[in-house]
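Have a look at the structure below before the remarks.
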């Protein structure tokens with residue numbers, strides 16, 4: 001599986017891409033969770049193929065709406081679409097990479113990896129039940145630490161967000177109270193806190209607000225030098241957000257049993273597994289109005305699944321998909337995406 005492959009960049013012949021050199025640029029929109037890797041892929045792909053990618057990081061809900069309305073070549077969503085909506089909109093859903101959501105904080109005197117939280121405590125914070133950083137429940141998880149008498153400012157996504165879906169799915173899995181009162185969705189009624197748009201918005205708000213706590217895709221925490229917390233996982237172990245912990249969680253995914261590739265990696269078992277891990281998805285029309293343009297989008301993702309694309313993803317702390325999953329995705333492209341009754345993907 002690709003999880004065990006060392007970083008490496010393959011030399012790809014420019015001749016592979018000559019057919020795309022004069023193609024129109026590809027247009028996509030949606031999730032901010034994978035935006036850093038899509039943008040990095042876009043730069044590398046254009047250098048080799050001449051075909052650009054215009055990607056709007058507008059949130060998963062926006063990405064789903066735009067592809068349903070066929071205003072972009074592909075939509076992107078961290079929250080898998082429901083089976084009936086995929087069928088109704090005639091969309092093929094497939095994952096691109098696996099990423100992880102981390103909790104970030106802004107507390108004077110607390111450095112990266114020095115604070116530990118668990119799911120139940122996070123759920124209570126976001127329900128407004130825990131309001132100070134020196135609360136006894138937080139202190140019990142951080143014995144010996146000096147915690148300030150500082151108000152907690154929970155920051156959540158104000159837009160329809162796949163990252164919110166992943167985070168609230170985690171809270172739902174670890175807190176019966178959260179499950180019954182709030183639940184999991186791309187948009188929920190947040191009981192406490194302040195809203196910010198996009199992973200970028202949460203990262204910026206937490207960075208500029210003393211006492212704040214938020215949730216972002218790991219690359220945003222790393223890129224902005226934010227303070228990430230440790231989490232207590234399903235096995236009861238304290239784990240740090242590392243590539244190894246993300247890989248351990250990803251390895252437990254049941255791809256074979258997942259319909260429309262929607263394999264869950266939330267709170268998977270394993271002593272080293274990071275509990276908030278998820279794939280992110282692309283939505284492509286099965287009946288594209290412009291078959292040639294749809295083929296160009298597929299070419300882009302086909303390249304991204306190769307060694308060079310994987311190396312870029314790994315550098316940004318995303319986890320490439322297992323080889324067997326990629327093979328199944330390529331088969332789905334051939335079988336399900338058709339224009340004028342013919343497959344747009346014949347490689």
Among residues of the stretch 56-84, those that are in contact (Cβ under 8 Å) with a residue 12 or more places away in the chain and either closer than 30 Å to residue 149 by Cβ or part of a helix (DSSP H, G or I) (or both), counted: 9
The listed residue being at pLDDT 90 or above, out of contact with any helix residue (DSSP H, G or I) (no Cβ under 7 Å at 6 or more places or on another chain) and either buried (at least 16 other Cβ atoms within 10 Å of the Cβ) or in the same structural domain as residue 86 (by TED's automatic domain parsing) (or both), out of 264, 228: 264
Residues of the stretch 306-347 satisfying the condition of being touching a residue at least 40 places away in the same chain (Cβ under 8 Å) and assigned to a loop (DSSP other than H, G, I, E, B): 306, 316, 317, 318, 321, 322, 337, 340, 344, 345, 347
Qualifying residue in the stretch 133-152 (condition: under 26 Å from residue 322 (Cβ atoms) and buried (at least 16 other Cβ atoms within 10 Å of the Cβ)): no
Of residues in the stretch 268-279 being out of contact with any strand residue (DSSP E or B) (no Cβ under 6 Å at 6 or more places or on another chain) and crowded, with 20+ Cβ neighbours inside 10 Å, the one nearest to residue 238 (Cα to Cα): 273
Any hit, the stretch 150-164, residues being assigned by TED's automatic domain parsing to the domain that holds residue 125 and without any contact (Cβ under 8 Å) to a residue 24 or more places away in the chain: no
Number of the exception - residue 306 against (1) within 19 Å of the chain's Cα centre (by Cα); (2) farther than 30 Å from residue 69 by Cβ; (3) in the same structural domain as residue 33 (by TED's automatic domain parsing): (1)
Residue list for the stretch 41-52, restricted to those being under 21 Å from residue 318 (Cα atoms) and buried (at least 22 other Cβ atoms within 10 Å of the Cβ): 41, 45
Conditions (1) surrounded by fewer than 20 Cβ atoms within 10 Å (Cβ to Cβ); (2) out of contact with any helix residue (DSSP H, G or I) (no Cβ under 9 Å at 6 or more places or on another chain); (3) touching a residue at least 60 places away in the same chain (Cβ under 8 Å): number failed by residue 297: (1)
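The values are calculated or read from the model by the stated rules, or taken from the named source; none is laboratory data. Model, not experiment: these values are computed from the prediction. Cβ coordinates were reconstructed from backbone atoms using ideal geometry, including for glycine residues, and neighbour counts include every protein chain displayed.
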